[in-house]
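The values are calculated or read from the model by the stated rules, or taken from the named source; none is laboratory data. Everything numeric in this text was worked out from a predicted model, so none of it was measured. When we count neighbours, we look across all protein chains shown, and the Cβ atoms used for this are built from the backbone with ideal geometry, even at glycine. Side chains are part of the model used for accessible areas, which takes the heavy atoms of the whole protein and leaves out ligands, DNA and RNA. Shrake-Rupley method; radii C 1.70, N 1.55, O 1.52, S 1.80 Å.
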Amino acid sequence: MAARDQHGVDAPWDQGFRVVGKENRKVDGLAKATGEAIYTDDIQLPGMLHAKMLRSPHAHARVLSVNTSKAEALSGVMAILVGAELPIRYGVIPWTPDEHALAVDKVRFIGDEVAAVAAVDEDTALEALNLIEVEYEVLPAILEPEQALTTPEPAIHEDRKRQDNISKHVELAFGDVDQQAQDADIVVEEDYCFHSTTHTAIEPHCAVAQANSDGRLTLWSSTQITHYVHRALARVLELDPARIRVIQPCLGGGFGGKSDPFSLEFVVAKLALKTGRPVKMLWTREEVFYAHRGRHAMQMHYRTSAKKDGTITGVDAKILIDGGSYSSFGLVTTYYSGQLLTGPYTFPSYRFDSTRVFTNKPPCGPKRGHGSVQPRFAFEVQLDEIAHRLRIDPIEIRRKNFVGEHTHTVNGQRITSNGFLQCLDAVEEATDWKNCYGKMPFGQGLGVAGSMYISGTNYPVYPNKMPQAGVQLKLDRSGLVTVFTGGNDIGQGSNSMVAYLVAEELGLLPQHIRVVAADTDLCPVDLGAYSSRVTFMVGNAAIDGARKLRKQLVSAVAEHWQVDAKDVRFIEGTVVDLSDASRSMSHVEAFHLAEEMFDTLGSTGAYNTPTLGGDYRGGTIGASPAYSFTAHAAEVEVHTETGRIEVKKIWVAHDCGRALNPIIVRGQMEGSTYMGAAEVVLENHFLNRFGLHAGPSLLDYRIPTSMDVPEIEAHIVESIDPEGPFGAKEAGEGPLHSAIPAIANAVFDAVGIRLRHLPFSPAKVLAALHAQKELV
């Protein structure tokens with residue numbers, strides 16, 4: 001029987017895919033490769049001013065006064081902005097608005113924004129900053145999360161209901177964890193530490209604002225969340241949202257680091273309104289390090305119980321999260337640190353107690369794999385230790401505890417498709433695991449780990465029943481289809497994905513599709529590029545809109561030919577009659593026929609998640625319409641004389657549902673794996689005892705060069721999700737998680753030491769080797 005869609009028209013998968021699953025070119029690939037692509041800093045407007053930011057030299061202080069008179073007198077200075085002019089707080093989570101665009105009463109970390117200058121050029125603006133006089137009352141700084149937990153005063157945020165430095169506390173329990181531990185054959189209990197790291201996107205933050213003569217404000221920004229920036233601007237500037245337009249030009253990477261509204265966006269907007277001239281602000285690399293929003297440092301205590309056959313019976317976690325100075329996504333982070341651990345394995349009891357605290361450090365936020373990378377490291381290392389003690393193969397213990405598909409986790413998350421076992425099979429075969437694990441020369445080892453991640457979230461950040469993703473399609477008489485989407489392409493290829501899906505659904509070629517994205521004046525609302533949501537949610541919305549159009553196109557052609565609609569097929573831009581091979585027409589002719597019948601052709605498409613999650617407070621946070629699954633294996637060599645860990649090769653197998661474009665999926669898998677490996681042996685967002693960043697530059701903050709990147713071998717596993725767009729799930733964040741514990745477990749196989757505190761510096765390796773010798 002032919003596959004039929006909701007409109008009764010033959011579905012394209014009945015004929016086999018012609019666009020989906022092929023290695024098509026990205027729609028913006030040539031423009032980026034040739035330098036034609038326009039990024040925010042490329043925007044130059046007549047009469048444009050340049051703005052710079054004055055930042056706090058103190059980790060914690062009251063702002064007593066700001067004197068700008070000398071700066072105002074400097075030739076070339078057009079305007080100066082202080083916090084009192086932007087007194088309304090904002091925050092990406094509506095329940096925790098605790099940020100000001102510029103400090104109003106206090107500064108809370110070294111680098112906090114205090115004032116801004118708009119001048120005819122950057123040099124003049126920088127000179128003016130040096131003339132601004134700020135009087136501070138320095139306060140004691142809280143720099144360690146343990147101190148924040150036990151020290152309610154001084155409160156970093158004094159105007160909150162609770163008078164302490166706890167940002168968010170979540171404690172949830174499922175099943176009787178303590179009884180399971182008491183009855184278990186083995187219990188492993190250890191402490192783990194994950195350090196703070198940052199995104200190091202190649203493009204720094206940049207924003208340009210222009211206020212037109214009619215009072216309309218346009219902001220171009222290197223953001224991942226045009227919709228949330230639009231909302232925040234309206235709130236802080238007290239403007240009608242209909243008079244604000246936010247546009248995201250091409251973006252030079254984000255990885256979560258551009259998922260908040262940032263001070264520069266409000267500042268350039270206010271300065272443009274104040275001066276009547278366009279204003280640009282480009283942050284330096286040092287300023288990007290201060291802005292941060294990177295990976296939260298976490299101190300984690302895990303206790304896992306199991307039977308002697310390796311069956312996990314309970315997991316108990318207590319987590320202390322260093323949130324830095326502001327909330328950002330911290331409410332969600334605190335939940336994610338526990339809610340996203342309950343796959344790809346099943347266990348009958350689970351408890352987590354997570355506390356996020358404020359410290360006088362740059363604020364933390366979402367980094368690739370938001371909130372769940374750190375706990376995954378701890379748990380996968382602990383699971384490996386259980387396997388070792390029970391003398392069970394590390395891959396076998398993971399197979400044994402497989403959660404399954406079309407099921408629910410212990411905390412009520414719905415699992416649909418699940419290719420985790422195939423992921424394990426892929427890395428086992430690729431590594432020749434059975435012949436190599438535990439059998440390599442001393443100093444060389446293999447490790448394995450697994451993970452699960454969301455494909456978008458049921459939680460829409462601010463409560464509403466409207467679609468989480470929407471698209472509009474316009475058909476032109478030329479044969480062009482324009483798709484308008486609020487989705488943010490941050491380099492991951494989401495605009496290309498929209499083009500592929502619409503082309504597939506309409507039976508056209510990708511070159512027949514044009515995508516207009518991330519412009520709040522032109523495009524329907526999309527919530528942004530975070531939580532690996534774009535492929536699943538925008539993709540489904542695009543298919544929904546395209547199917548409505550296809551019904552009209554097929555109907556028009558069928559009536560013209562006087563045939564049944566099921567005999568009309570669009571194939572790569574040509575329309576054919578399946579009942580008469582001699583009859584065909586171009587898709588342009590079909591567009592004309594449909595416009596004659598239905599008037600101007602266009603449609604909308606939308607997606608919203610079904611009701612998901614457990615029936616308890618926080619049960620929807622971490623609930624996803626589909627989950628991706630990953631297995632990593634790593635080969636390392638540990639140089640015992642120097643303590644250096646050399647990651648030789650990493651194998652990654654990732655269940656992405658259907659790979660809409662295999663080459664893009666592999667790129668995401670390799671990029672995620674690369675970032676995970678870097679966090680193990682190189683990266684460290686470290687602040688000294690005064691709260692000053694130890695090295696806010698790419699010279700001092702170490703990321704891998706081409707000489708440091710290990711060989712990466714990517715294996716795509718396609719489980720074909722029943723609710724994903726043509727079966728697709730996420731591939732942008734999930735493939736990072738288990739790379740980190742796989743390396744840790746490989747180090748144990750190589751030299752017999754368990755490293756539980758990241759990053760794995762040579763000094764830590766040597767200390768562990770020395771301690772091992774003392775025990776012998």
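What to note about this one:
- Residue within the stretch 513-521 that is in a helix (DSSP H, G or I), in contact (Cβ under 8 Å) with a residue 24 or more places away in the chain, touching a helix residue (DSSP H, G or I) at 6+ places or on another chain (Cβ under 7 Å) and of a type outside the set (S, T, N, Q) present: no
- Residues in the stretch 730-739 include none that are on the phi > 0 side of the Ramachandran plot and open to solvent by 10 Å² or more (accessible area, probe 1.4 Å).
- In summary, residue 326 fulfils each of the numbered conditions (1) open to solvent by 10 Å² or more (accessible area, probe 1.4 Å); (2) touching a Leu at 6+ places or on another chain (Cβ under 7 Å) with the single exception of condition (2).
- Elements of type strands (runs of 3 or more DSSP E) in the stretch 214-303, at least 1 residues being hydroxyl-bearing (Ser, Thr, Tyr), assigned by TED's automatic domain parsing to the domain that holds residue 72 and open to solvent by 10 Å² or more (accessible area, probe 1.4 Å): 217-221
- Residue in the stretch 381-398 that is part of a loop (DSSP other than H, G, I, E, B) and among the acidic types (Asp, Glu) present: yes
- Of all residues making up the stretch 339-380, the number that are in a loop (DSSP other than H, G, I, E, B) and either surrounded by fewer than 23 Cβ atoms within 10 Å (Cβ to Cβ) or of a type outside the set (S, T, N, Q) (or both): 20
- If the condition is being more than 30 Å from residue 491 (Cα to Cα) and either touching a His at 6+ places or on another chain (Cβ under 9 Å) or buried (at least 23 other Cβ atoms within 10 Å of the Cβ) (or both), then the stretch 181-212 contributes 189, 190, 191, 192, 193.
- Residues (hydrophobic (A, V, I, L, M, F, W, C) and within 19 Å of residue 742 (Cβ to Cβ)) located in the stretch 337-391: 340, 341, 373, 377, 378, 379, 381, 383, 386, 387
- The residue list 174, 194 contains one member that is outside the structural domain of residue 221 (by TED's automatic domain parsing), within 31 Å of the chain's Cα centre (by Cα) and farther than 29 Å from residue 291 by Cβ, which is 174.
- When the stretch 679-695 is filtered for residues that are closer than 12 Å to residue 197 by Cα, in contact with a Lys or Arg (Cβ under 7 Å, 6 or more places away or on another chain) and assigned to a loop (DSSP other than H, G, I, E, B), the ones remaining, listed by number, are 682, 683.
- Residues located in the stretch 453-475, provided they are in contact with a Ser or Thr (Cβ under 7 Å, 6 or more places away or on another chain) and not hydroxyl-bearing (Ser, Thr, Tyr): 454, 456, 458, 468, 470, 471, 472, 473, 474
Here's the yes/no breakdown for (1) under 17 Å from the mean Cα position of the chain (by Cα); (2) surrounded by 24 or more Cβ atoms within 10 Å (Cβ to Cβ):
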site: 604; (1), (2): no, no
site: 629; (1), (2): yes, yes
site: 639; (1), (2): no, no
site: 645; (1), (2): no, yes
site: 651; (1), (2): no, yes
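- Condition broken by residue 242, with the remaining ones in (1) closer than 15 Å to residue 81 by Cβ; (2) without any contact (Cβ under 8 Å) to a residue 24 or more places away in the chain satisfied: (1)
- For the stretch 746-755, the count of residues that are of a type in the set (Asp, Glu), more than 24 Å from the chain's Cα centre (by Cα) and not assigned by TED's automatic domain parsing to the domain that holds residue 530 is at least one.
- The criterion of at least 1 residues that are buried (at least 24 other Cβ atoms within 10 Å of the Cβ) and of a type in the set (A, V, I, L, M, F, W, C) is met by the following helices (runs of 4 or more DSSP H) wholly inside the stretch 411-507: 420-431, 494-506.
- Filter result for residue 657 (open to solvent by 10 Å² or more (accessible area, probe 1.4 Å), touching a Lys or Arg at 6+ places or on another chain (Cβ under 6 Å), more than 27 Å from residue 364 (Cβ to Cβ) and not hydrophobic (A, V, I, L, M, F, W, C)): no
- Search result, residues across the stretch 382-407 that are open to solvent by 10 Å² or more (accessible area, probe 1.4 Å) and in contact with a Leu (Cβ under 8 Å, 6 or more places away or on another chain): 399, 402
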